1. Sort 28-38, 43-53 by the packing proxy (mean of other Cβ within 10 Å over each peptide's residues), most packed first.
2. Under 16 Å Cα to Cα from Lys75, which aspartates and glutamates show up? Leave out anything in the same chain fewer than 8 places away.
3. So what's the back-of-envelope 222 nm ellipticity for the chain, counting only DSSP H runs of four-plus at -39500 (n - 2.57) apiece and dividing by all residues, rounded to 500?
4. Pick from Ser94, Ser73, Ser109: which residue has the top mean-square fluctuation in a GNM of the chain where Cα pairs under 10 Å get a spring?
5. Apply the a/c threshold of 1.5 to the C-alpha gyration tensor of the range 3-109 and tell me whether it is rounded, prolate or oblate.
6. Once amide H atoms are placed 1.01 Å from N in the peptide plane, what residues at a sequence separation of 5 or more from Ser145, or on another chain, have their amide H within under 5 Å of its amide H?
7. Report for the chain the percent antiparallel among DSSP-assigned beta bridges with both residues inside it, nearest 5.
8. Percent antiparallel among DSSP beta bridges with both residues in the range 113-183, to the nearest 5?
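What follows is calculated from the coordinates using simple rules that are stated; it is not laboratory data. For clarity, every value in this text was computed on a predicted model and none was experimentally measured. Counting neighbours? That spans all protein chains shown, and the Cβs are built from the backbone with ideal geometry, glycine included.
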Amino acid sequence: MSDIEARHDEVAKRYGGVLFNLAQENKTLKSVLKEVILLRQSIQKDPHGWSQVVNPTLSLQTQRLIVESLVASLKLGPLMKRFLIVLCHNRRLSHLNSTLDEFTTLTQSAEGIIEGVLETASELSKKEMDAFQKSLKNQLGKHISLTQVIKENLIAGVVLRIGSLMIDASIGTRLNKLKTAMKG
């Protein structure tokens with residue numbers, strides 16, 4: 001990791017932690033999380049527009065007007081409005097995505113939710129994903145929020161990644177193990 005990336009990560013952790021602590025103190029964690037999701041969706045809809053907002057050549061006043069307009073259009077609460085304005089004034093809007101990631105991670109951790117990635121050969125139905133998550137919750141004692149990633153190179157089976165844990169139950173891996181065992 002370069003010095004710039006480390007600094008970016010440090011800034012995101014600091015601001016994400018501040019937003020988390022303020023939301024917890026105000027007992028608005030769930031509503032702020034919903035606003036974070038809304039904000040993310042807005043940024044994802046127009047990434048080019050967002051890159052223009054964080055352009056350092058824009059005046060602080062122009063950035064603030066854009067942020068206030070965004071807050072009004074998304075109907076964000078007072079805490080999120082103040083937070084975004086502070087980011088704007090401190091010229092940290094370019095750190096918003098990673099700051100929102102940090103806030104989401106802290107919120108999920110506080111609620112006992114662990115994020116994971118489930119790699120499959122084909123898309124699972126909502127019912128299958130729910131059953132998979134329920135099974136994991138029963139085994140691990142924590143709620144697992146899974147993101148499904150379709151990997152066409154998997155023959156069949158799944159690869160589950162939760163934090164540093166990886167469970168590879170794919171047919172390809174089993175065939176490779178069998179091949180290695182047969183070679184002796």
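1. With the highest mean Cβ count within 10 Å placed first, the list reads 28-38, 43-53.
2. Partners within reach: Glu35.
3. So the calculated ellipticity at 222 nm is -20500 deg cm²/dmol.
4. For the chain, modelled as a Gaussian network with Cα springs under 10 Å, the answer is Ser73.
5. oblate
6. Ile114, Glu115, Gly116
7. Bridges in the chain that DSSP calls antiparallel: roughly 60 percent.
8. Rounded to the nearest five, the antiparallel share is 60 percent.
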